[in-house]
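**Q** Below are the structure tokens for one structure; questions will follow.
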Amino acid sequence: MGRAKTDSFVVEIPLRVSPSQEKQLLARLEAARQVYNACLGESLKRLDLLRQSKAYQAARKMTKGKARTRAFRDPNAAVSFREYDLHAYAKQFNHCWIGDHLDINTIQKLATRVFKAVQQYGFGKRGRPRFKGRNQMDTVEGKSNASGIRWRETHVEWLGLDLQAVIDRDDPVIAHGLSSRVKYVRLVRRKINGRNRFYVQLVCEGQPYQKPRNQVGEGSVGLDLGPSTIAVVGEREAFLTQFCSKLETRNQEIRRRQRHLDRQRRANNADNYNPDGTVKPGPKVWHKSARQRRTEAKLAELHRKRAAHRKSLHGQLVNRILRMGNWFKLEKVSYRAFQRRFGRSVGMRAPGTFVRQLKRKAESAGAEVDEFPTRTTRLSQTCHNCGTVAKKPLSQRWHVCDCGIVAQRDLYSAFLAMCVEGEELNADRAREAWSGVDALLQAALSDIQPTSGRRLPSSFGLSGRRQSGSPVEANVNASKAQDVVPPPVQAVGEFEKARWTVRTP
Ligand SMILES: [Zn+2]
């Protein structure tokens, strides 16, 4: 508190850990888990008390502002729902067996982590934090590089442990991190292929290393994110692509394993199911065979790989977009609502995470990201040329206006986003830029190549028009656009529902 905040970035380096060190580290992670769960139970209890307090309820009804913030202070103090109260609570763990495994800084940092999670939950911004089960604690961190978990040139020192890092000196990213001041150190455990791997994350002061080829460009760039596509239009380049389409094959594999696991679970616990395949009510004992455990491990590994793959696809896309300009504009979308409407495949692509990453990287490179509200701009309904505002059904993938403007819908939205200034469409600018951009959009469409052996998603609206250049009639398009159009609730139907209740326990 009170200390000026500086920028930070993280550099991750793998550690070489001997079997005996691994054993010690796992014991420490287990100790950390106990502290985490204890603090979580305590602060959830305090949050409950806080919610019952009259002063708190009165403060909640006030309008936002300094007075309201001040009004919260007393009720918070009355039930000790403050970060430092939780530190005081966590101090006791330093005087029991846990004190042999964790230093006081690490314990306090755990308390801080819990407090922040519970606070966000209290604000309604995040879900209720969960207690961590066995083997689910994966990170611990120190407070500063002076005591507790410390980084020393080539290794990590922590309460008698000396963990050697595997440093790739030729990697400019790591070299840059090692030459920066280390604020504090985090240890991370990852379960890769059933084994524990340990990494050190140095939280350094300053800006992250920027590869020369990833430097930001210049000019405005408009983005349009659909449930499965992304369109990006800049002043010199435009593209339309499927968002994380390469994750599809991984999904299929995961789905296969899940079905395998389900069959095994049923075979091992036949008594727990009704004849129609649903799970019997009441308390039950579930058995797991060795083979089922193996399938579970395989599945966990597949999930991990998919997450890593997604992260790298996001990173590549972000870098590509950053090279196109330094002022990025997109509609402000609730990606949660997105996911609710378009289903699990959107959640798997994680568009919200992608936008967060774009913002973070753009900011650290000195570029700007503007998210404007959909309500004032109504980009998907507007024609920049004649100013007509007409609603288009989602199935209509082309913007075709009587004034002669014809463009693929997503690319056109991205173009309009590029011309938004101060939360409103600057029509003059759009008219001026259109002649140049029109050609870019044509080029973007002709660049689209289906990934080997796959059809293009119908949302591109390209079926049957690749060569001719004229849009297909709307109704033909609509029938093929299942990709993007959410099924109406009625259409899911009884048949689907029945099938699902039978298949999932
Ligand atoms: Zn028009």
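**Q** Rounded to the nearest 10 Å², what accessible area does L440 have for a 1.4 Å probe in the complete protein model?
**A** Approximately 40 Å² for this residue.
**Q** Could you pull out the longest piece of the chain with no exposed loop chymotrypsin sites (Phe, Trp or Tyr not before Pro) in it, calling a site exposed if DSSP puts it outside H, G, I, E, B and it has at most 14 other Cβ atoms within 10 Å?
**A** Longest run free of exposed loop sites: 287-505.
**Q** Something else now. Counting C-alpha atoms alone, how compact is segment 1-72: give Rg to one decimal and Dmax as a whole number, in angstrom.
**A** 20.9, 57
**Q** List the aspartates and glutamates whose Cα sits under 17 Å from the Cα of K66, skipping any in the same chain fewer than 8 residues away.
**A** Filter leaves D74.
**Q** Taking the Cα centre as origin and putting +1 on Lys and Arg beta-carbons and -1 on Asp and Glu beta-carbons, what dipole magnitude results for the chain, to the nearest 20 debye?
**A** Approximately 2300 debye in magnitude.
**Q** Also, I was wondering about something else. Please list, or write none, the aspartates and glutamates whose alpha carbon is within less than 12 Å of the alpha carbon of K280, excluding same-chain residues fewer than 8 places away.
**A** Qualifying aspartates and glutamates at Cα under 12 Å: D271.
**Q** I need the Debye-formula profile for segment 1-142: one equal scatterer per C-alpha, no solvent, reported as log10 I(q)/I(0) at q = 0.09, 0.10 1/Å, two decimals.
**A** Computed log10 I(q)/I(0) values: -0.35, -0.43.
**Q** On a full-extension model of 0.36 nm per residue, what is the gain between Q442 and A88, subtracting their alpha-carbon distance, rounded to one decimal in nm?
**A** Going from the current span to full extension adds 121.1 nm.
**Q** Largest first, what is the accessible-area ranking of E432, E235, E301 with a 1.4 Å probe?
**A** E432, E235, E301
**Q** Please go through segment 232-279 and write out the trypsin sites (Lys or Arg not before Pro) that DSSP classes as loop and that have at most 14 other C-beta atoms within 10 Å.
**A** In loop regions of segment 232-279 (DSSP not H, G, I, E or B), the sparsely surrounded trypsin sites (Lys or Arg not before Pro) are R236.
**Q** Looking at segment 156-197, I'd like the Rg to Rh ratio, where Rg is from alpha-carbon atoms and Rh is Kirkwood's inverse mean 1/r.
**A** My calculation puts Rg/Rh at 1.02.
**Q** Among all cysteines in the chain, which have no other cysteine Cβ under 4.7 Å from their own Cβ?
**A** Taking the Cβ cut-off of 4.7 Å, the unpaired cysteines of the chain are C39, C96, C204, C244, C419.
**Q** Please give the Cα centre distance for segment 229-252 versus segment 5-54, rounded to the nearest Å.
**A** Result: 37 Å between the Cα centres.
**Q** While we're looking at this one, here's another question. Report the one residue of A88, L161, I98 whose Cα lies farthest in the direction of the positive end of the charge dipole of segment 53-171 (charges on C-beta: Lys and Arg +1, Asp and Glu -1; origin at the Cα centre).
**A** Farthest along the dipole direction, towards plus: A88.
**Q** Equivalent ellipsoid semi-axes for segment 265-382, as square roots of 5 times the alpha carbon gyration tensor eigenvalues: give them largest first, rounded to whole Å.
**A** 44, 21, 10
**Q** Sticking with this one: If the limit is 32 Å between Cα atoms, which of K54/K91; K143/K311; K64/K132; K116/K361 go over it?
**A** Listed pairs above 32 Å: K64/K132.
**Q** Report the Cα centroid-to-centroid distance between segment 284-300 and segment 361-404 in angstrom, as an integer.
**A** Their Cα centres are 49 Å away from one another.
**Q** For the chain, build the charge dipole from Cβ charges (+1 Lys, Arg; -1 Asp, Glu) around the Cα centre, then report which of C204, A417, G148 sits farthest towards its positive end.
**A** G148
**Q** While we're looking at this one, here's another question. Mind checking the dipole of segment 192-282: about its Cα centre, +1 per Lys or Arg Cβ, -1 per Asp or Glu Cβ, Debye to the nearest 20?
**A** I would put it at about 740 debye.
**Q** Still on this structure, I have one more. Using Cα positions and a limit of under 27 Å, work out the lysines in reach of K391, with same-chain residues fewer than 8 apart set aside.
**A** Excluding near neighbours in sequence, the set is K329, K332, K480.
**Q** Mind giving me the FRET efficiency for C96 and N268? R0 is 35 Å, r the Cβ-Cβ distance, nearest 0.05 is fine.
**A** The computed FRET efficiency comes out at 0.35.
**Q** About its Cα centre, how strong a charge dipole does segment 233-321 have in debye, to the nearest 20, once Lys and Arg get +1 and Asp and Glu get -1 at the Cβ?
**A** Dipole size: approximately 440 debye.
**Q** Which listed residue (Q258, F123, P227) has the Cα farthest towards the positive end of the charge dipole for the chain, taking +1 on Lys and Arg C-beta and -1 on Asp and Glu C-beta about the Cα centre?
**A** Q258
**Q** Next question, about the same structure. Report Rg/Rh for the chain, rounded to two decimals, where Rg is the Cα radius of gyration and Rh the Kirkwood radius.
**A** 1.00
**Q** Whenever you get a sec, line up T278, T69, T63 from highest to lowest accessible area (probe 1.4 Å, protein heavy atoms).
**A** Ranked from most to least accessible, the order is T63, T69, T278.
**Q** Bin width 10 Å, alpha-carbon pairs only: give the P(r) of segment 316-413 as whole percents, running from 0 to the bin holding the largest distance.
**A** Percent of Cα pairs in each bin: 13, 35, 37, 14, 0.
**Q** Starting from the Cα gyration tensor of segment 120-227, take the square roots of the eigenvalues, sort them a ≥ b ≥ c, and report rounded, prolate or oblate (rounded when a/c is under 1.5, otherwise prolate if a/b is larger than b/c, else oblate).
**A** Verdict is oblate for segment 120-227.
**Q** Continuing with the same structure: For segment 373-448, give the percent of accessible area contributed by carbon and sulfur heavy atoms, probe 1.4 Å, rounded to a whole number.
**A** 46
**Q** Same structure, new question: For R197 and L49, what does the FRET efficiency come to when R0 = 30 Å and r is the distance between their Cβ atoms, rounded to the nearest 0.05?
**A** E(calc), rounded to 0.05, equals 0.15.
**Q** What does the convex hull of the Cα atoms of segment 55-205 come to per residue, in Å³, rounded to a whole number?
**A** In segment 55-205, the Cα convex hull volume per residue is 174 Å³.
**Q** If you stretched the chain out fully between K23 and E423, how much longer would it get, using 0.36 nm times the residue separation minus the C-alpha to C-alpha distance?
**A** Taking 0.36 nm per residue and subtracting the Cα distance, the gain is 138.4 nm.
**Q** Evaluate the distance, in nm, between pseudo-label points positioned 7 Å from the Cα of T249 and of M62 along their respective Cα→Cβ axes.
**A** Between T249 and M62, the label points sit 5.9 nm apart.
The values are calculated or read from the model by the stated rules, or taken from the named source; none is laboratory data. Since we're looking at a predicted model, the values are computed, not measured. Positions of Cβ are generated from backbone atoms using ideal geometry, with glycine treated the same way; all protein chains shown enter the neighbour counts. Note: areas computed on protein heavy atoms with side chains; ligands, DNA, RNA excluded. Shrake-Rupley method; radii C 1.70, N 1.55, O 1.52, S 1.80 Å.
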